There are 2 protein chains.
Amino acid sequence: MQNKFISDKIAIIGIGLIGASIALAIKHKKLPFTVAVYDRDEAVRAEARALSIGDSVADELAKAVVGAGLVIMAVPVGAMASVMQLAASHLSPGCVVTDTGSTKRSVIRDTIGLVPEGCHFIPGHPLAGTEFSGPGAGFPSLFEGRYWLILPNGADAEKVSALEDLLAGLGAMTEQMSADYHDRVLAITSHLPHLIAYTIVGTAVDLEQDLKNDVIRFSATGFRDFTRIAASDPTMWRDVFLNNDEAVLEMLQRFSEDLSYLQRAIRWKEGDKLFDMFTRTRDIRRSIIDAGQD
Amino acid sequence: MQNKFISDKIAIIGIGLIGASIALAIKHKKLPFTVAVYDRDEAVRAEARALSIGDSVADELAKAVVGAGLVIMAVPVGAMASVMQLAASHLSPGCVVTDTGSTKRSVIRDTIGLVPEGCHFIPGHPLAGTEFSGPGAGFPSLFEGRYWLILPNGADAEKVSALEDLLAGLGAMTEQMSADYHDRVLAITSHLPHLIAYTIVGTAVDLEQDLKNDVIRFSATGFRDFTRIAASDPTMWRDVFLNNDEAVLEMLQRFSEDLSYLQRAIRWKEGDKLFDMFTRTRDIRRSIIDAGQD
């Protein structure tokens, strides 16, 4: 691939699972960039140095972003505005800024006014991750064959194409959409499933000790899949729910109605209603397998 | 292993994922038994013959169970009583009858009065399965290293030990418990997770078409795990919810309260409550990994 940014320096702010994986993928795939990484947590910076994440680990945000053609904000969505605020006066004219946050309306709302004239903010969201967090959780193939959503939000087509080239270079498939639509899709595909997984695991945490121990032992029957999801980073997910509250609450309302319907069917022993619902849900699984998403 | 039943014939009634896997495991592990299988569905019997499941595929239930030292009822829990009723007059004195149903209080309640004098009913439940169903879904290693719960329910220790030997021969780890306790543990580890997965996938099914298509495309962010669970056999799961309604409704009540708590925290932007809950749920994941259940 060719570098179409104003310089071959990429700055990554936040060296968690996502930030570290981007740095590792750029190196692993020998893309023509120099990567400077920064994290506000000194222990994380030390870990990044030990793991050789990025070509340099900066001790100040300003040093990471100065001269960069692309700045990637890979921090929890609640921290995007303060990163942009700290970075703004050090950004080079013509540079592109993107982020990897899981909510997009809030990130645009919080940061758009802070982007300096002449810089190009193109929000993004890689649909990739694991239940692990921190620089040690990163790996270079995280984005391979995964979607990376882009919200051009009126940015120059040339800059959008530069960003898309890089993301394709990381192995991702890019897709453009609006922030509103993004937040609705993610509310049902990701945010609500996480909220529900957190809830059911929380319900189990509050069980009496004997029962809880056996829930752990006999978890291989459905519950275990939920605990994996519910082991995700608490800060990131707190921020997701605070920042996509509208779409999540709407989907949660629908979910609760549907759950009450099944609850009532169980209470009144209406087997046909249960059977109908359990048959309809099978088709969606088939569609996912057909779409190659399994 | 040694056969401790009154004969070396094992009858398996119901040739679904579980029944087929038991037959395949007995053959694969060269256990000293002859296996007769039966299913009330002619097409399933034909498939079982084509796949060489069991040493013989009987066309009548009576022919499968006659002379058997062990009869395994591997049918949906709502069908256990009718299987026992059909089998009763053909069972040999001294034989053991077990089942593989996911609810235990209801199976005991429905069948205990139908077991002939001199036969030994020892309910059981293998904690193993996949989202696939039917004879073609069976495979011999399904029970390898998995728990198989046994409810002696007052049966002769010698008969219980004969059954446990066989199950260990299939690769399973047996555990004894009471029906009440079984139904409570399974309500939270398996039944409630399935109900919730069915619900959220059902909620997605009802979305407008464009959004639904993108939910399928971008499912790799949590939702996909739920669709796998929600693809499980509708008949089996209808019967589970109708037959473990008490324990499921109790756990569902707790779950709903916990979900309302998080919903309220989102609405009122109480980030600390969300963060606390998301931190507590992480520990259970750690316990499951420590318990070797992942």
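Of note:
- Scanning region A:269-294 for residues that are within 22 Å of B:Asp214 (Cβ to Cβ) and either touching a residue at least 24 places away in the same chain (Cβ under 8 Å) or buried (at least 16 other Cβ atoms within 10 Å of the Cβ) (or both) yields A:Arg280, A:Thr281, A:Arg282, A:Ile284, A:Arg285, A:Ser287, A:Ile288, A:Gln293.
- Residue ranges of helices (runs of 4 or more DSSP H) in region B:234-294 with at least 1 members under 21 Å from A:Tyr261 (Cα atoms): B:234-243, B:245-267
- Tally of residues being of a type outside the set (Asp, Glu), more than 21 Å from the chain's Cα centre (by Cα) and closer than 25 Å to B:Phe5 by Cα across region B:37-66: 10
- Condition check for B:Asp239: outside the structural domain of B:Arg146 (by TED's automatic domain parsing), of a type in the set (Asp, Glu) and in contact (Cβ under 8 Å) with a residue 12 or more places away in the chain: yes
Conditions (1) within 25 Å of A:Ala79 (Cα to Cα); (2) within 7 Å of chain B (Cβ to nearest Cβ); (3) modelled with pLDDT of 95 or more, marked per residue:
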site: A:Gln209; (1), (2), (3): no, no, no
site: A:Gly222; (1), (2), (3): no, yes, no
site: A:Phe241; (1), (2), (3): yes, yes, yes
site: A:Leu259; (1), (2), (3): no, yes, yes
site: A:Arg264; (1), (2), (3): no, no, yes
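- Single residue of A:Pro152, A:Pro140 found to be under 17 Å from the mean Cα position of the chain (by Cα), of a type outside the set (D, E, K, R) and in the same structural domain as A:Thr111 (by TED's automatic domain parsing): A:Pro140
- In region A:271-288, the condition of being closer than 15 Å to B:Phe223 by Cβ, hydrophobic (A, V, I, L, M, F, W, C), facing chain B (nearest Cβ under 7 Å) and under 18 Å from the mean Cα position of the chain (by Cα) is met by no residue.
- Meets criteria (over 22 Å from the mean Cα position of the chain (by Cα) and assigned to a loop (DSSP other than H, G, I, E, B)) for A:Leu211: no
- Pick from region A:90-104, criterion out of contact with any Phe, Trp or Tyr (no Cβ under 8 Å at 6 or more places or on another chain) and surrounded by 20 or more Cβ atoms within 10 Å (Cβ to Cβ), ranking: nearest to the other protein chains (Cβ to nearest Cβ): A:Ser102
- Within region A:155-199, considering residues that are outside any helix (DSSP H, G or I) and crowded, with 20+ Cβ neighbours inside 10 Å, the one farthest from the other protein chains (Cβ to nearest Cβ): A:Leu170
- B:Ala220 meets the conditions (1) in a helix (DSSP H, G or I); (2) of a type outside the set (Phe, Trp, Tyr); (3) out of contact with any strand residue (DSSP E or B) (no Cβ under 6 Å at 6 or more places or on another chain) in every case but one. The failed one is (1).
- Meets criteria (in contact with a strand residue (DSSP E or B) (Cβ under 9 Å, 6 or more places away or on another chain) and more than 8 Å from every other protein chain (Cβ to nearest Cβ)) for A:Leu142: yes
- Qualifying residue in region A:220-228 (condition: closer than 28 Å to A:Leu17 by Cβ and touching a residue at least 40 places away in the same chain (Cβ under 8 Å)): yes
- A:Glu250 being under 22 Å from the mean Cα position of the chain (by Cα) and more than 8 Å from every other protein chain (Cβ to nearest Cβ): yes
- Reported count of residues in region A:168-186, each being under 15 Å from A:Val107 (Cβ atoms) and among the hydrophobic types (A, V, I, L, M, F, W, C), is 3.
The values are calculated or read from the model by the stated rules, or taken from the named source; none is laboratory data. Values in this document were obtained by computation on a predicted structure and should not be read as measured data. Because the Cβ atoms are built from the backbone with ideal geometry, glycine has one as well, and the counts that use them run over all protein chains shown.
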